[in-house]
1. Looking at segment 407-456, which of the residues that are within 13 Å of the chain's Cα centre (by Cα) and among the charged types (D, E, K, R) is surrounded by the most Cβ atoms within 10 Å (Cβ to Cβ)?
2. Can you find a residue in segment 537-548 that is in contact with a strand residue (DSSP E or B) (Cβ under 7 Å, 6 or more places away or on another chain), touching a residue at least 24 places away in the same chain (Cβ under 8 Å), open to solvent by 50 Å² or more (accessible area, probe 1.4 Å) and outside any helix (DSSP H, G or I)?
3. If a residue has to be touching a residue at least 24 places away in the same chain (Cβ under 8 Å) and either part of a strand (DSSP E or B) or surrounded by 23 or more Cβ atoms within 10 Å (Cβ to Cβ) (or both) to count, how many in segment 561-579 make the cut?
4. Give 457, 420 a once-over and let me know the one that is within 27 Å of residue 354 (Cα to Cα) and without any contact (Cβ under 8 Å) to a residue 24 or more places away in the chain.
5. For segment 123-162, enumerate the residues that are surrounded by 22 or more Cβ atoms within 10 Å (Cβ to Cβ) and assigned to a helix (DSSP H, G or I).
6. Mind telling me which of the residues 136, 180 ends up being touching a helix residue (DSSP H, G or I) at 6+ places or on another chain (Cβ under 8 Å) and within 17 Å of residue 236 (Cα to Cα)?
7. I'm trying to understand the selection: among the residues of segment 256-291, which are open to solvent by 40 Å² or more (accessible area, probe 1.4 Å) and at pLDDT below 70?
8. Out of all the residues in segment 50-61, which are open to solvent by 10 Å² or more (accessible area, probe 1.4 Å) and within 22 Å of residue 129 (Cβ to Cβ)?
Amino acid sequence: MSLTERLAGDRRALLTGLGAAVAACVLVPTLLPAYWVYLAITAVVSAVIMQSYGVIVGRVGVMSLCQMSFASIGAWVVLRLNVADAPGGFLVWLVLGGLAAVPVGVAIGLPALRIRGVNLAVVTFGFAVSADIVLNANQMPGMSELRTLERPALFEEDGAYFVLVVLVFTVIALGLALLNRTRLGMSWTELRHSERAAAAHGVSVARSKLAAFAISAFVAGVGGGLMAGQLGLVVPGNFAMMQSLALFAVAIMIGPHNPEGAVMGGVFGAVMATILEKLDLPQDLGGMLFGVGAVFALRSGVSQTDFTRSRKRERAARAFLKEHETAAATAAERPAEPEAPAVPATVATGEPALTVSGLTVRYGQVTALDAVDLTVPRGAVVGLIGPNGAGKSTFIAAVTGFVGGYGGSVALAGDPLDRLSPSARAGRGLRRTFQTTTIAPELTQYEYLTIGAGRGLSAEEADELLDFFGCPPGRLPVSLVDAGARRLLDVAAAVAARPAVALLDEPAAGQSAAESLALGRRLAQVPSRYGVSVLLVEHDMDLVQAACSEVTVLDFGHVIASGPTGEVLADPTVMAAYLGTAHVSVA
């Protein structure tokens with residue numbers, strides 16, 4: 001599927017959602033009794049708040065247990081402006097309430113830069129407890145005067161107010177959908193799976209997380225303002241800390257980062273008890289349904305809406321793959337052109353693209369790298385080889401900023417990088433891959449290339465990259481791509497950014513001998529085709545000879561040989577290091 005076709009699919013989903021919103025605005029106020037209209041308002045307001053969970057929990061994967069505290073800020077601001085007869089009216093106050101929650105969201109997000117998982121959940125729950133105490137110790141604005149919030153004249157009746165909350169929900173859903181198509185939105189998905197991989201693609205982990213907290217706080221604040229508009233006055237119990245905990249559990253189960261999941265979460269939390277009562281069913285049934293859903297989510301590792309969407313996407317992708325395989329089989333029947341011999345890249349004579357001088361890394365008393373010097377000339381593919389435990393991966397980690405406190409210096413085109421973070425180095429033009437790929441399975445290959453490139457890619461450019469590196473068609477979600485192809489996709493994403501230097505850590509892992517040799521031929525063309533110099537860490541000597549014009553050999557953190565590939569591989573010292581006749585290498 002091309003990018004144009006994918007966008008067409010998104011438009012169809014958008015039109016379906018808008019159609020459902022319009023139908024709800026027409027049918028609910030017209031057909032339902034007043035009591036059920038009121039419950040419908042409650043459900044949609046809850047769905048708005050669930051969208052804030054969709055940002056921070058669903059997209060970023062952060063355990064936030066204080067979203068209702070953000071909602072209380074929005075409600076407090078709206079009610080306070082109402083008491084003060086502030087200009088602008090309810091809709092302006094609604095936005096101001098959301099904005100008031102943003103700095104608090106950023107402040108709560110700061111610990112997320114250093115702590116994760118349960119520890120961060122404790123911090124956010126601690127804020128919820130503190131907010132609960134403050135709310136119970138102080139009356140909400142308007143409570144002492146019993147001055148209720150007056151809705152705008154156009155939305156004074158419940159039926160009209162239902163239309164307003166649906167419009168707000170729809171606007172937020174559209175905004176988040178657009179945001180999800182940007183690099184920031186897609187980076188959140190990558191952050192959920194691997195912060196290291198995101199940083200290697202030039203994503204600022206700190207900015208992305210703080211942006212997620214800020215946006216989720218804004219959405220929750222708007223939801224709190226809508227609740228104030230519905231009730232006229234609110235009490236601390238509307239935003240109790242246990243409410244945040246319960247909605248977090250619902251978010252894990254349902255997946256409110258999808259609009260239908262937010263709606264389901266709102267309905268579940270707001271009207272499930274009433275529905276069971278009207279149907280003469282025991283209230284315990286709601287708890288049983290919740291328990292079954294939670295077990296399913298925990299066992300499958302995905303929410304219910306994610307599971308449903310992935311099944312649909314995979315069915316469509318498998319059908320497309322079958323068509324693609326048929327076309328490929330037809331093409332294979334044509335006479336094959338003779339394959340060009342492997343020709344290593346020619347070393348350029350200009351200034352070095354990457355210069356590493358005296359790189360030293362120590363872990364306590366262990367010296368992993370000892371004064372290593374290495375240069376990658378502009379327009380060249382250089383190999384870094386050595387037995388297991390030689391320090392190759394440590395070298396890449398230090399050069400790209402994932403290991404701090406090293407000795408020596410790293411410069412890119414003469415500019416020092418030593419004080420820069422991994423994401424900043426990636427932004428300067430130093431990209432890397434990892435030995436173990438951590439690509440979010442729900443992303444398509446197109447989306448992953450976009451994250452890696454750091455910019456929008458045309459369909460032609462994306463398809464050309466995938467075809468050159470031998471990846472499957474870009475329509476496929478990563479969940480349907482095998483391990484070997486994922487490594488090729490990682491390489492394609494690193495090259496897509498057109499960095500000065502790409503550091504590839506064993507990209508041929510999982511490839512057959514023929515596939516590995518083909519990859520070597522492709523890598524040899526990368527400097528001239530994409531303007532990217534390459535430092536290749538690899539054990540496959542056939543691949544190294546096919547791709548690399550120069551090789552540096554590490555053994556126990558020391559450089560034991562460096563020079564043209566053929567000469568280095570014939571060096572007796574190098575052969576001894578690999579065969580273990582000089583000393584035993586450490587795995």
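1. Filtering segment 407-456 for residues that are within 13 Å of the chain's Cα centre (by Cα) and among the charged types (D, E, K, R), the one surrounded by the most Cβ atoms within 10 Å (Cβ to Cβ) comes out as 447.
2. At the first step, the residues of segment 537-548 found to be in contact with a strand residue (DSSP E or B) (Cβ under 7 Å, 6 or more places away or on another chain) are 537-538, 544, 547-548.
Restricting the remaining residues to those that are touching a residue at least 24 places away in the same chain (Cβ under 8 Å) gives 537-538, 544, 547-548.
Next, from what is left, pick out any that are open to solvent by 50 Å² or more (accessible area, probe 1.4 Å): none.
The answer is no, given that none of the residues of segment 537-548 is in contact with a strand residue (DSSP E or B) (Cβ under 7 Å, 6 or more places away or on another chain), touching a residue at least 24 places away in the same chain (Cβ under 8 Å), open to solvent by 50 Å² or more (accessible area, probe 1.4 Å) and outside any helix (DSSP H, G or I).
3. Number of matching residues: 2.
4. 420
5. Passing the criteria: 124, 128, 131, 132, 135, 161, 162.
6. Values: 180 fails: within 17 Å of residue 236 (Cα to Cα).
Only one candidate passes the filter, namely 136.
7. Result: 273, 283, 284, 285, 287, 288, 289, 290.
8. Once the filter is applied, which keeps residues that are open to solvent by 10 Å² or more (accessible area, probe 1.4 Å) and within 22 Å of residue 129 (Cβ to Cβ), segment 50-61 yields only 57.
The values are calculated or read from the model by the stated rules, or taken from the named source; none is laboratory data. All values derive from a computational prediction rather than experimental measurement. Ideal geometry is used to build each Cβ from the backbone, glycine not excepted, and the neighbour counts take in all protein chains shown. Heads up: the accessible areas ignore ligands, DNA and RNA and are worked out on the full protein's heavy atoms, side chains in. Shrake-Rupley method; radii C 1.70, N 1.55, O 1.52, S 1.80 Å.
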